[in-house]
Amino acid sequence: MAASGRSRIVVAGASGLIGGALTGSLTADGHEVIRLVRREPRGADEVRWDPEAGRVDAAALAGCDAVVNLAGAGIGDRRWTPAYKEVLWRSRVGGTSALAEAIAGMDEPPRVFVNGSAMGVYGTTGDRAVDESAPAGSGFLPELAVAWEGAAQPAIAAGVRTVFPRTGLVVSRRGGAWARLFPLFAAGLGGRLGDGRQYWSFIALHDEVAAIRHLMDREDLSGPFNLTAPEPLTNREITAAMGRVLHRPTVLPVPAPVLRAVLGEMAADVLDSQRVVPRRLLESGFTFAFPGIEDAIRAAR
């Protein structure tokens, strides 16, 4: 980052769970954060863009040390109708392409492009632990993740260090899948999903932000990095941990057919097993503050 210790960082997706936490962390440390927004800007620290149409003002990126792209319609916000799949695709692939092309065309590009991705790139892995060397899986989410990362190619070709944080299930009360789980478990209505044997690769929100900043700061790091805690657990084990931490019973399982009826194709996101490990992140020297599920649950905010 900037030698002065104060960097200018452009963030797309700053209103989301991870983006909001990241911008808060960066601002607290004195960095200048420019937010790319889809609405009319409300201040000098905001710039309008249209990720689905692939439009961004390259002038807004001038003088920045880093561009962080965490933008995209929520994977779990709606059923995956054909129309919503198109929204998911355009918001991620189109937005990434616009930023990558703008970066590639700059006389003085940023030092790093951090382009969000997801552990969904691996598809279902069963009981097999996979790291960043594993190939992409099959299905909608892996295809989306592959295209999402591939859209950053113009920045890579221009020589900009590009990093892909492949994020797991973020443990937080403020958003994502876990935000829906906390109220259910707090009310004593939580339980395993399906047979509970599927692996969930989780990460505390604090560690997610710290890992992204680690990837931004380390000039020797590029390519994909799994942002998941070191030891994935089964849904059954996580359910039990939620019950212990929140002091509530966890005796109401949700059968797989019910999940599929309610969620449609999106049910695979919680029923499929993804045992993803952060090999490259650990090898880079990153230290997790909340590596265990119970600590991550207690730290959730």
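The values are calculated or read from the model by the stated rules, or taken from the named source; none is laboratory data. Since the structure is predicted, the reported quantities are computational estimates derived from the model, not experimental observations. For neighbour counting, all protein chains shown are included, and Cβ atoms are generated from backbone atoms with ideal geometry for every residue, glycine included. Surface areas here come from the heavy atoms of the whole protein model, side chains and all, with no ligands, DNA or RNA. Shrake-Rupley method; radii C 1.70, N 1.55, O 1.52, S 1.80 Å.
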Per the filter on the stretch 181-199, residues out of contact with any strand residue (DSSP E or B) (no Cβ under 8 Å at 6 or more places or on another chain), under 24 Å from Pro230 (Cα atoms) and open to solvent by less than 20 Å² (accessible area, probe 1.4 Å) are Phe182
Counting only residues in the stretch 6-35 that are touching a residue at least 40 places away in the same chain (Cβ under 8 Å) and farther than 17 Å from Ala73 by Cα, the one most open to solvent (accessible area, probe 1.4 Å) is identified as Arg8
With criteria (1) open to solvent by less than 30 Å² (accessible area, probe 1.4 Å); (2) free of Cβ contacts under 8 Å to residues at least 60 places away in the same chain, Arg38 comes up short on (1)
If we ask which residues in the stretch 138-150 are under 18 Å from Gly223 (Cα atoms), open to solvent by 30 Å² or more (accessible area, probe 1.4 Å) and not acidic (Asp, Glu), their number turns out to be 2
Out of (1) touching a Ser or Thr at 6+ places or on another chain (Cβ under 7 Å); (2) of a type in the set (Gly, Ala, Ser); (3) crowded, with 21+ Cβ neighbours inside 10 Å, the one Ser172 does not meet is (1)
Among helices (runs of 4 or more DSSP H) entirely within the stretch 205-278, at least 1 residues that are at pLDDT 95 or above occur in 205-217, 235-246
Scanning the stretch 145-163 for residues that are touching a strand residue (DSSP E or B) at 6+ places or on another chain (Cβ under 8 Å) and not in a loop (DSSP other than H, G, I, E, B), the one farthest from Arg90 (Cα to Cα) turns out to be Arg161
Within the stretch 228-248, is even one residue at positive phi and surrounded by 20 or more Cβ atoms within 10 Å (Cβ to Cβ)?
no
Only one of Arg92, Arg111 is crowded, with 23+ Cβ neighbours inside 10 Å and over 30 Å from Arg236 (Cα atoms), namely Arg92
Matching residues in the stretch 212-252 (farther than 23 Å from Glu132 by Cβ and of a type in the set (Lys, Arg)) number 3
Output for Cβ contacts, cut-off 8 Å, separation at least six or different chains, first residue outside any helix (DSSP H, G or I) in the stretch 164-189, second among the charged types (D, E, K, R) and modelled with pLDDT under 90, reads Ser172/Arg301; Arg173/Arg301; Arg174/Arg301
